[in-house]
1. Using a 1.4 Å probe, what is the accessible area per residue for the stretch 54-137, in Å²?
2. Loop only per DSSP, at most 12 neighbouring Cβ atoms within 10 Å: give me the trypsin sites (Lys or Arg not before Pro) in the stretch 56-136, ordered by residue number.
3. Ignoring ligands, DNA and RNA, what percent of the accessible area of the stretch 53-167 is carbon or sulfur (1.4 Å)?
4. Can you give the FRET efficiency for residue 87 and residue 126, using 1/(1 + (r/R0)^6), R0 = 30 Å, r = Cβ-Cβ distance, to the nearest 0.05?
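The values are calculated or read from the model by the stated rules, or taken from the named source; none is laboratory data. All figures in this text were calculated on a predicted structure; none of them were measured in a lab. Positions of Cβ are backbone-derived with ideal geometry, glycine not excepted, and every protein chain shown enters the neighbour counts. Note: areas computed on protein heavy atoms with side chains; ligands, DNA, RNA excluded. Shrake-Rupley method; radii C 1.70, N 1.55, O 1.52, S 1.80 Å.
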Amino acid sequence: MLTITLIALLCASASANAIQARSSSYNGEYGGGGGKRFSHSGNQLDGPITAIRVRVNTYYIVGLQVRYGKVWSDYVGGTQGDLEEIFLHSGESVIQVSGKYKRYLRKLVFVTDKGRYLPFGKDTGTSFNAVPLHPNTVLRFISGRAGALIDAIGLHWDVYPSDCSSC
């Protein structure tokens with residue numbers, strides 16, 4: 001009798017774990033093979049993405065920096081080109097990222113849940129379109145590789161943080 005009870009408990013536990021909804025997903029890397037790896041995985045603890053800075057030159061995405069809550073990530077990439085900055089509205093999230101690349105990243109377009117379309121860079125190269133795999137998830141942080149330019153980008157999706165007193 002004890003064996004049957006133990007087996008029933010194990011099956012119930014396995015079923016409960018299988019039912020738990022998954023929320024995180026990843027797209028990428030989009031771009032070339034060079035550069036030094038970077039990740040903003042720890043930055044997501046500062047809050048949701050609230051602003052994006054992108055440095056562009058005539059042909060490429062040169063550098064980028066993301067604000068999580070009220071804290072800016074480390075800047076990655078080079079120093080040549082024009083720095084553009086976009087602030088998200090309170091409660092606004094990125095739900096899609098598309099772009100173009102060849103050996104380096106050439107274009108990024110962030111689409112928000114408020115219908116805003118935030119483009120950076122030039123429209124040449126191989127296209128990509130990244131969306132989360134699970135419903136009700138948003139862009140939580142980025143990773144990739146960078147040197148004098150942004151070589152490649154990876155996009156990490158998860159649920160919007162429920163408690164963000166620092167945002």
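1. 53 Å²
2. Those that pass, being in a loop and sparsely packed, are 70, 114.
3. Values: 2660 of 5580 Å².
Ligands and nucleic acids excluded, carbon and sulfur reach 48 percent.
4. Given R0 = 30 Å and the Cβ-Cβ separation, E is 0.50.
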